[in-house]
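Each remark here refers to the structure printed beneath this line.
The values are calculated or read from the model by the stated rules, or taken from the named source; none is laboratory data. Worth saying up front: this structure is predicted, and the values here are computed from it rather than measured. All Cβ positions, glycine included, derive from the backbone under ideal geometry; neighbour counts span all protein chains shown. Just the protein is used for accessible areas: all its heavy atoms, side chains included, with ligands, DNA and RNA removed. Shrake-Rupley method; radii C 1.70, N 1.55, O 1.52, S 1.80 Å.
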Amino acid sequence: MRLTVEHLEGTEFQKSRAFSPGIVTSGGRMVWLSGQTATQDLDGRDISWDFEAQVRTCYALIDRTLKRAGGSLASLVWTTTYILDPRHGDGLVKLRAEHFPDGKYPCSALLTVSGFARPGILVEIQGIAVVP
């Protein structure tokens with residue numbers, strides 16, 4: 001069976017917040033992604049307490065995992081993002097939009113938490129993808 005993915009059209013608000021209201025898939029395989037955090041970027045540099053660098057690294061790690069499964073970030077249909085500070089919410093939306101330039105965003109939830117497993121972590125992103 002061939003993989004099909006249909007992103008349901010979002011409202012202007014949903015588009016402005018870089019998420020889809022729903023995605024319909026058929027065929028393919030589901031990939032359940034563990035939450036990604038990062039206090040070092042892919043080159044080993046310390047990014048503790050650097051929200052933007054952590055988000056970019058989390059997406060890079062997710063993309064790396066999805067490529068191993070035959071997909072890419074474009075394969076994401078759901079993300080749950082946890083942030084330490086609600087003031088990072090708007091920044092997260094801008095960064096998420098950069099990673100999905102075609103406007104086909106995953107469905108998502110954004111939650112603020114009181115802490116993470118290690119000091120210096122500001123964000124954790126987990127997801128579900130569908131790959132061929």
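Arrange the residues F100, F13 by how much accessible surface each exposes, largest first, with a 1.4 angstrom probe.
From most exposed to least exposed: F13, F100.
The accessible surface of the stretch 2-95, taken with every protein chain in place and a 1.4 Å probe, is 50 percent carbon and sulfur. Along each principal axis, taking the top coordinate minus the bottom one, the Cα set of the chain gives 45, 34, 23 Å in descending order.
Build a GNM of the chain with springs between Cα atoms under 10 Å apart, and of A97, A117, A69 the one that fluctuates most is A117. Among the trypsin sites (Lys or Arg not before Pro) within the stretch 44-80, those in coil by DSSP and having at most 13 neighbouring Cβ atoms inside 10 Å are R45. In the context of the full set of protein chains, residues of the stretch 6-61 present 59 Å² of accessible surface per residue (probe radius 1.4 Å, heavy atoms only). To the nearest ten degrees, helix 51-68 and the longest principal axis of the Cα atoms of the chain are 40 degrees apart. Estimated from helical segments only, the mean residue ellipticity of the chain at 222 nm is -8000 deg cm²/dmol, where each DSSP H run of four or more residues counts as -39500 (n - 2.57). Seen from V123, the other residues with C-beta closer than 13 Å to its C-beta sum to a net charge of 0, counting Lys and Arg as +1 and Asp and Glu as -1. The figure for D102 is an accessible area of roughly 100 square angstrom, using a 1.4 Å probe on the protein chains alone.
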